[in-house]
Amino acid sequence: MILEQLNKEDVLILAIETSCDETAASVVKNGREVLSNVIYTQIALHTKFGGVVPEIASRKHIEKINQVIEGALEEAGVTLKDITAVAVTYGPGLVGALLVGVSEAKAICFATGLPLIGVHHISGHISANYIEHRELEPPFVCLVASGGHSHLVTVRDYGEYAIIGRTRDDAAGEAFDKVARAIGLGYPGGPKIDRLSREGNPEAIPFPRAKVGENEYDFSFSGLKSAVLNYLNSCQMKGEEVNKADVAASFQKAVTDVLVEHSLHAVKEFGFDKFAIAGGVAANSSLRAAFEQECARRGITFYHPSPVYCTDNAAMIGVAGYYEYIRGVRHGYDLNAVPNLGL
């Protein structure tokens, strides 16, 4: 189908991603081959504030975006004359950060005459699975879990999605960050909790697993976050020592149990035999191991990107942009940043 049509002539997508605090550019060939993937991360800059400061992120994007794009072209061994189209994240995300990438992409297209393709950030995360799993094709179910999103999505075709479940409050990654801050680990919380959890007992503290009555596929993590805070406050009032590793491991197990249960229930109910994860939380080692085990037990083929493609990057935007390009999607110079863009 699409893959067969596209192998007739090489399509090179220059992709740009600036939705949050990573300035990234990539060149992707035919939707599945990453020729370059350059990422400038601002984590060290925002760590002192305990989280991303939007204004600082936007200014740093402006400083770095040109050199990041030049680096991506150089690493790929191409120039703008070799590029077929430019893809850029235009939402969702931080509006100021998004505007930097969108403005840069429009400027390049205006100067070169190249087609402009706006890409949905979540579509990019889902598409990251195509990079290292060339056999993967829709339909399948995908869990997108990150600092801003916890979506359970059916991937009907390339670029065609239906959200069947979402968080009612905190996203999974947001809960990781807040709990990490509460136990004194700092920002970013996800990787730090993942590392500390290996030293703890995941069954030490019986934190709750929330279910949402109106939709069996929806998530809620605010109650779990509150339970952790209440536990920490209770220990402090009683003068009891807190085992941070046990707290981290028990919290992580509670999040993992909910994500696995809801996701694989959806795979079964929708009659699919393929399941994928995406987003920053998808890099969590405990979550990946739990899905590996449960998918193997249930006869479901499990896909996940390497950690570098789980966090924000431009390669995933290039992959998603490629399939949009094939479908004939083109945007004009009136393309704008849409911070709350729906899937």
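Nothing in this text is a laboratory measurement; each read-out follows from the coordinates by a stated rule. Predicted model, so just to flag it, every value in this text is computed and none were measured. Cβ sites come from the backbone with ideal geometry, for glycine too, and all protein chains shown count toward neighbours.
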(request) Count the net charge of all other residues whose Cβ sits under 15 Å from the Cβ of Lys274, scoring Lys and Arg as +1 and Asp and Glu as -1. (result) -4
(request) Output ³J(HN,Hα) for region 219-227: one whole-Hz value per residue in order, computed from phi by the Karplus curve 6.51 cos²θ - 1.76 cosθ + 1.60 with θ = phi - 60°, and x for Gly and Pro. (result) 10, 8, 10, 5, x, 5, 4, 5, 5
(request) Could you run the Karplus curve 6.51 cos²θ - 1.76 cosθ + 1.60 with θ = phi - 60° over region 103-116 and give me ³J(HN,Hα) per residue in whole Hz, x for Gly and Pro? (result) 5, 5, 4, 5, 5, 4, 5, 5, 6, 10, x, 6, x, 10
(message) Output the 0 to 90 degree angle, nearest 10, between the alpha-carbon long axis of helix 285-298 and the longest principal axis computed from the alpha carbons of the chain.
(response) 90 degrees
(request) Go ahead and estimate [θ] at 222 nm for the chain from helices alone: -39,500 (n - 2.57) per DSSP H run with n ≥ 4, summed, over the residue count, rounded to 500. (result) -14000 deg cm²/dmol
(message) Order 258-266, 224-232 from most to least packed using the mean count of other Cβ atoms within 10 Å.
(response) 258-266, 224-232
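Going highest first, how would you order 141-154, 68-81 by mean Cβ packing within 10 Å?
Numbers: 141-154: 25.4, 68-81: 16.3.
Going by the mean number of other Cβ atoms within 10 Å, highest first, we get 141-154, 68-81.
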(request) Give the angle, between 0 and 90 degrees and rounded to the nearest 10, that separates the Cα long axis of helix 315-326 from the longest principal axis of the Cα atoms of the chain. (result) 50 degrees
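So which chymotrypsin sites (Phe, Trp or Tyr not before Pro) in region 238-321 pass both tests, a DSSP loop state and at most 14 other Cβ atoms within 10 Å of the Cβ?
Numbers: sites: Phe251, Phe270, Phe272, Phe275, Phe291, Phe302, Tyr303, Tyr309; in loops: Phe270, Phe272.
Of the chymotrypsin sites (Phe, Trp or Tyr not before Pro), the ones in loops of region 238-321 whose Cβ has at most 14 other Cβ atoms within 10 Å are Phe270.
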(request) Using amide H atoms built 1.01 Å from N in the peptide plane, name the residues 5+ places from Ser19, or on other chains, whose amide H lies under 5 Å from its own. (result) none
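Net charge near Gln293: determine it from the other residues with C-beta under 15 Å of the C-beta of Gln293, scoring Lys and Arg +1 and Asp and Glu -1. Working shown, then result.
Values: positive: Lys253, Arg288, Arg297, Arg298; negative: Asp257, Glu261, Glu292, Glu294.
So the environment of Gln293 carries a net charge of 0.
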(message) Just to check I understand the Karplus step: with θ = phi - 60° and J = 6.51 cos²θ - 1.76 cosθ + 1.60, what whole-Hz values come out for region 121-136, glycine and proline as x?
(response) 4, 5, 4, x, 4, 4, 5, 4, 5, 6, 5, 9, 10, 5, 7, 6
(request) Averaging sequence separations of C-alpha pairs under 8 Å and six or more residues apart, then dividing by the length of region 138-305, give the relative contact order as a whole percent. (result) 27 percent
(message) Strictly over 25 Å apart at the Cα level, which of Lys192/Lys253; Lys192/Lys274; Lys253/Lys274; Lys29/Lys60 would you flag in this model?
(response) Lys192/Lys274; Lys29/Lys60
(message) Show me the ranking of peptides 187-194, 327-334 by mean Cβ neighbours inside 10 Å, starting with the highest.
(response) 187-194, 327-334
(request) Among Asn201, Asn30, Val95, flag the residue with its Cα farthest along the positive direction of the charge dipole of the chain, charges on Cβ as +1 for Lys/Arg and -1 for Asp/Glu. (result) Asn201
(message) Nearest 10 degrees is fine. How inclined is helix 244-269 to the longest principal axis of the chain, computing both from alpha carbons?
(response) 60 degrees
(message) Using amide H atoms built in the peptide plane, which far-off residues or other-chain residues are under 5 Å from Ile164 H to H?
(response) Leu152, Val153, Thr154
(message) Nearest 5 percent is fine: what portion of the DSSP beta bridges confined to the chain is antiparallel?
(response) 60 percent
(request) Starting from the Cα of Asp169, step 7 Å along the direction of its Cβ; do the same at Phe49; then give the gap between the two resulting points in nm. (result) 2.6 nm
(message) Whole angstrom only: what separates the Cα centroid of region 211-250 from the Cα centroid of region 145-197?
(response) 16 Å
